[in-house]
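The values are calculated or read from the model by the stated rules, or taken from the named source; none is laboratory data. Nothing here was measured: the structure is a model prediction, and the numbers come from that model. Counting neighbours? That spans all protein chains shown, and the Cβs are built from the backbone with ideal geometry, glycine included.
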Amino acid sequence: DGRLAGKIALVAGAGSSAAGWSIGKASCVTLARQGASVVTLDADLAAAEDAAHEVELAGGSALPVRADVADAHAMQAAVDAARRRYGRIDILQANAGIGKVGGPEDISLEDWNRIQQVNVTSLLIATRLLAPMMREQGGGAIVTVSSVAGIRYTGYPHLAYSVSKAAVIHFARMAAQQYAPDRIRVNTVIPGLIDTPRVARNVARMFDEDARAASAARDRQVPMGRMGTPWEVANAVAFLASDEASYITGTELVVDGGLTGK
Ligand code: NAD
């Protein structure tokens, strides 16, 4: 359907860290299928171009842009390029996220800081750049991407990532309060176990076993008995970004097959 017809979306972290469908790439295509033009922003230019290519294959319009979400100058340049091409930005999907396994005594300060910068400080950078534009345009929608690790212990010592993903939720709640009068809605999707190349790789690394066997073990933890697909997360993003969610702000949509029972 065309519920996003005429909208311009910027998806930050639009690519995939390995071959296959990530949440960002599936979101780019889903937003485009619903009528949005998509700025596919990624730190890796090839990943940005790959996402843009998929949008075009789906019949949409895309602009690939290379930028590190933690770099305010690069993000300014990216937003300027998007504006030159499309004139406005209606939707931000803050999707870029990184992590590293480790508890308090084994994560380096350097890794901790980088994870907070990419996962959390990036939200400040993008919001500051885009909210004034959205306000001027009469509104907009920001969708941040957290994780079930941000709301409960998932069984893996992912301290820096989990703390950052909790902050993502609260950033969105606070920004929603701030920007409600400007008709800028801010919400979060909370994906559970999603079948993406990154997860397959992480699971294999953590358990030092065949990724497929490890995934099957994880599937059994999920009440629905399977991992989610990136498309199922993308559908939640598209809903929150659309006018169908016009009275929804400052909240979270959990997409986890019943895992957290939230
Ligand atoms: P991914 O990790 O495979 O790809 C993310 C993309 O973001 C990559 O193309 C990468 O180049 C880009 N990126 C990384 N750092 C960046 C930076 N500093 N600036 C710009 N781009 C950057 O994608 P994924 O596994 O689908 O995860 C997407 C989001 O969903 C992340 O925020 C992740 O934490 C979250 N999430 C994923 C899962 C899952 O099961 N895959 C579960 C919960 C939450």
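In the list Asp90, Asp68, Asp44, which residue meets the criterion of being at pLDDT 95 or above, buried (at least 17 other Cβ atoms within 10 Å of the Cβ), of a type outside the set (A, V, I, L, M) and within 13 Å of the ligand (Cβ to nearest atom)?
Numbers: Asp90 fails: within 13 Å of the ligand (Cβ to nearest atom); Asp44 fails: buried (at least 17 other Cβ atoms within 10 Å of the Cβ).
Exactly one of Asp90, Asp68, Asp44 is at pLDDT 95 or above, buried (at least 17 other Cβ atoms within 10 Å of the Cβ), of a type outside the set (A, V, I, L, M) and within 13 Å of the ligand (Cβ to nearest atom), namely Asp68.
Could you please tell me which pairs satisfy a Cβ distance under 8 Å, a separation of 6+ or placement on different chains, a first residue in region 135-162 that is modelled with pLDDT of 95 or more, and a second residue that is aromatic (Phe, Trp, Tyr) and part of a loop (DSSP other than H, G, I, E, B)?
Ala149/Tyr156; Ser162/Tyr153
Results for (1) crowded, with 24+ Cβ neighbours inside 10 Å; (2) of a type in the set (Gly, Ala, Ser), shown as yes or no for each residue.
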| residue | (1), (2) |
| --- | --- |
| Glu110 | no, no |
| Gln116 | no, no |
| Ser122 | yes, yes |
| Ala131 | no, yes |
| Arg135 | no, no |
| Gly138 | no, yes |
| Val143 | yes, no |
| Val148 | no, no |
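A quick yes/no check of all residues on (1) modelled with pLDDT under 95; (2) buried (at least 21 other Cβ atoms within 10 Å of the Cβ); (3) in contact with a Gly (Cβ under 7 Å, 6 or more places away or on another chain); (4) over 18 Å from Ala149 (Cβ atoms):
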site: Arg173; (1), (2), (3), (4): no, no, yes, no
site: Ala180; (1), (2), (3), (4): no, no, no, yes
site: Arg185; (1), (2), (3), (4): no, yes, no, yes
site: Ala217; (1), (2), (3), (4): yes, no, no, no
site: Val222; (1), (2), (3), (4): yes, no, yes, no
site: Ala241; (1), (2), (3), (4): no, yes, no, yes
site: Ser246; (1), (2), (3), (4): no, no, no, yes
site: Thr249; (1), (2), (3), (4): no, yes, no, yes
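Test Asp111 against the criterion of being in contact with a Gly (Cβ under 6 Å, 6 or more places away or on another chain) and either in contact (Cβ under 8 Å) with a residue 60 or more places away in the chain or within 15 Å of the ligand (Cβ to nearest atom) (or both), and give yes or no. Break it down into steps so the answer makes sense when it comes.
Working: in contact with a Gly (Cβ under 6 Å, 6 or more places away or on another chain): no; either in contact (Cβ under 8 Å) with a residue 60 or more places away in the chain or within 15 Å of the ligand (Cβ to nearest atom) (or both): yes.
Criteria not met by Asp111.
Among the residues of region 1-59, count how many are over 26 Å from Ile98 (Cα atoms) and part of a helix (DSSP H, G or I).
Within region 1-59, residues that are over 26 Å from Ile98 (Cα atoms) and part of a helix (DSSP H, G or I) number 3.
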